[in-house]
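The values are calculated or read from the model by the stated rules, or taken from the named source; none is laboratory data. Model, not experiment: these values are computed from the prediction. Cβ sites come from the backbone with ideal geometry, for glycine too, and all protein chains shown count toward neighbours.
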Amino acid sequence: MERNIYMKVTLIQVPLPTSLLLPEIFAQGLRYMPLNIAYLGAVLEQANHEVKIVDINIMMMPVEQYAMKYLDELDADIVGLSCTTNSYIECMKLAELIKKRYPETLIIVGGCHVTFMAGEALEECEYFDIIVRGEGENTIVALVDCIEHLKPLSLVDGISYRLGNEIIHNKDAALIKDLDTIPFPARHLLQTDNYPAHGIVSSRGCPRKCIFCSAGAMGGGRYRIRSAQNIVDELKTIKDDNKSIFFYDNTFSTHIKKSIEICQQIIKEEIDIKWQVELRADTVTEEFIRILSEAGCEAIQFGVESGNEEILKEIKKYITKEDVRKGASIALSHGLGVACSFIVGHPSDTEETLKETLEFMIELKKMGCDVYPGIIVPYPGTEIYDKHEELGINILHKDWSKYTPGHVCVSTKHLSRDKLGQLFLKMVSTLYPEKVFAGGVEV
């Protein structure tokens, strides 16, 4: 028998200021399908709640414009806002606009930024009611059930909230052990035609400890992967002859044996798809790339980060330039596109190390790789943020909207803000002399 009582929940992806401001070579990765809230939509629908999803980011409009055009149409008991660090200010603005128009609507906020800054978020924004920390599927279902039946919030793990003048942090929610138990994302709630590519997640977490990345902390330092059959069953539901599929995993090659099983299952079931993944350069072999290609993989990305071997050790990347050369060469020889991303402004970067990095990017570009530099960003949850004083990083401001790879928000022990910006612009103009950067990079 269906339940007669349910909650109306609207999940909103808060827009990124960078999708409006950055040049195309930096903004191209910001139009991903918001599978994070699509997963939440799936589990809430499974629990018989009425769910809507709004992705303001893909609308390419600021929250004020969205509110003016669409806020009168909002019909929800609960609004869930998902934000990142550089959309956090927009998130606060949107929460205020919603709360002032619908004061009885409960506003729940989730995402990587508020996971690591839950107390600060509740102190800074009176319009946030509850913060969901970390992985959200089990937490959101328990929370909405709690709200629906007027149970105390103390029963829900993984949330932070106010109780009188006190901010309460309940214990962390347990990670979902078996990812196969999670329903596929509710893509029917998204306007999938608006996205340049489809997305899928085959694993969660990262066992690595790169100092510039919060993926390990977000996943509790654990790595979990879905079964090959479960992934292939989802791929069958999203096949689109006109679009590629991007694996949103932090890296597809953390568990090579499992990655090969996925490829083998795609080949076995004759699923004709084109897809892209991020790999670690030191995991690439002829055999691995061959089966990736046979299974339909058309492009890969390496996070290279630096062209200096000592810097690569310092940032705990633990790859070498030769790993990258070899990996790129193998992938290119099999006809795969190769993109390499780099970070400018590591703690020990100097003019000389950045010169090495630029030379390595030029070398890779000549090989046939696409290369993308970005300025270091001290995101909350990273070692760069948590240990910035120890690392000699000076965080210049907390205008979170400018925490992007196109803005300088730090100085280092060797490079001032101005010098870092100048070196970055020189790097970009050398790599892309044909591009015009007007207003998108702030140094």
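Would you check which residues across region 381-401 are touching a strand residue (DSSP E or B) at 6+ places or on another chain (Cβ under 8 Å) and of a type in the set (S, T, N, Q) and list them? Listed by number, the list holds a single entry, Asn394.
Taking (1) within 25 Å of Val371 (Cβ to Cβ); (2) crowded, with 21+ Cβ neighbours inside 10 Å; (3) in contact with a Gly (Cβ under 8 Å, 6 or more places away or on another chain) in turn, Cys297 satisfies each apart from (3). Would you confirm whether or not region 199-211 contains a residue that is outside any loop (DSSP other than H, G, I, E, B), assigned by TED's automatic domain parsing to the domain that holds Leu235 and in contact with a Gly (Cβ under 9 Å, 6 or more places away or on another chain)? Yes - at least one qualifying residue is present in region 199-211.
So which residues in region 134-162 are of a type outside the set (Gly, Ala, Ser) and surrounded by 23 or more Cβ atoms within 10 Å (Cβ to Cβ), if there are any at all?
Of region 134-162, the ones of a type outside the set (Gly, Ala, Ser) are 135, 137-141, 143-153, 155-157, 159, 161-162.
If the condition is that a residue be of a type outside the set (Gly, Ala, Ser) and surrounded by 23 or more Cβ atoms within 10 Å (Cβ to Cβ), then Glu135, Thr139, Ile140, Leu143, Val144, Val156, Ile159 are the ones that fit.
Residues in region 250-262 that are part of a helix (DSSP H, G or I), buried (at least 21 other Cβ atoms within 10 Å of the Cβ) and of a type in the set (A, V, I, L, M, F, W, C): Ile262 only. Within region 349-396, being surrounded by 18 or more Cβ atoms within 10 Å (Cβ to Cβ), more than 20 Å from Met117 (Cα to Cα) and among the small types (Gly, Ala, Ser) holds for one residue alone: Gly374. When you scan region 306-315, do you find a residue that is more than 25 Å from the chain's Cα centre (by Cα), in the same structural domain as Phe212 (by TED's automatic domain parsing) and assigned to a loop (DSSP other than H, G, I, E, B), even just one? Yes, some residue in region 306-315 is more than 25 Å from the chain's Cα centre (by Cα), in the same structural domain as Phe212 (by TED's automatic domain parsing) and assigned to a loop (DSSP other than H, G, I, E, B).
Can you report the number of residues in region 347-362 which are of a type in the set (Asp, Glu), part of a helix (DSSP H, G or I) and touching a residue at least 24 places away in the same chain (Cβ under 8 Å)? Outline the logic, then answer.
As a first pass, look at region 347-362 and keep what is of a type in the set (Asp, Glu): 349, 351-352, 356, 359.
Within this subset, residues satisfying the condition of being part of a helix (DSSP H, G or I) are 351-352, 356, 359.
After this cut, where a residue has to be touching a residue at least 24 places away in the same chain (Cβ under 8 Å) as well, the list is 351, 356, 359.
Of the residues in region 347-362, 3 are of a type in the set (Asp, Glu), part of a helix (DSSP H, G or I) and touching a residue at least 24 places away in the same chain (Cβ under 8 Å).
Annotation note: Cβ proximity below 6 Å between a residue of region 158-184 that is over 19 Å from Cys146 (Cβ atoms) and outside the structural domain of Gly220 (by TED's automatic domain parsing) and a residue that is of a type in the set (A, V, I, L, M) and surrounded by 10 or more Cβ atoms within 10 Å (Cβ to Cβ) (sequence gap 6+ or interchain) occurs for Pro183/Ala42. Taking the criterion of being more than 20 Å from the chain's Cα centre (by Cα) and either surrounded by 16 or more Cβ atoms within 10 Å (Cβ to Cβ) or of a type outside the set (A, V, I, L, M, F, W, C) (or both), would at least one residue in region 198-214 satisfy it? Within region 198-214, not a single residue is more than 20 Å from the chain's Cα centre (by Cα) and either surrounded by 16 or more Cβ atoms within 10 Å (Cβ to Cβ) or of a type outside the set (A, V, I, L, M, F, W, C) (or both).
Within region 334-346, is there a residue that is buried (at least 23 other Cβ atoms within 10 Å of the Cβ), of a type outside the set (Ser, Thr, Tyr) and part of a loop (DSSP other than H, G, I, E, B)? Yes: region 334-346 contains one or more residues that are buried (at least 23 other Cβ atoms within 10 Å of the Cβ), of a type outside the set (Ser, Thr, Tyr) and part of a loop (DSSP other than H, G, I, E, B).
Report yes if Gly303 is modelled with pLDDT of 95 or more and outside any strand (DSSP E or B), otherwise no. Break it down into steps so the answer makes sense when it comes.
Working: modelled with pLDDT of 95 or more: yes; outside any strand (DSSP E or B): no.
Taking the combined requirement at face value, the residue does not satisfy it.
The single condition from (1) crowded, with 21+ Cβ neighbours inside 10 Å; (2) part of a loop (DSSP other than H, G, I, E, B); (3) touching a Leu at 6+ places or on another chain (Cβ under 9 Å) that Ile271 fails is (1). Would it be correct to say that Ile58 is of a type in the set (Val, Ile, Thr), part of a helix (DSSP H, G or I) and modelled with pLDDT under 95? Yes.
The condition of being out of contact with any His (no Cβ under 8 Å at 6 or more places or on another chain) and closer than 26 Å to Leu16 by Cβ does not hold for Leu354.
Tally time: how many residues in region 364-394 are part of a loop (DSSP other than H, G, I, E, B) and not acidic (Asp, Glu)? So the count comes out to 14. Here Val284 meets each of (1) over 22 Å from the mean Cα position of the chain (by Cα); (2) farther than 28 Å from Lys209 by Cβ; (3) not acidic (Asp, Glu) with one exception, condition (2).
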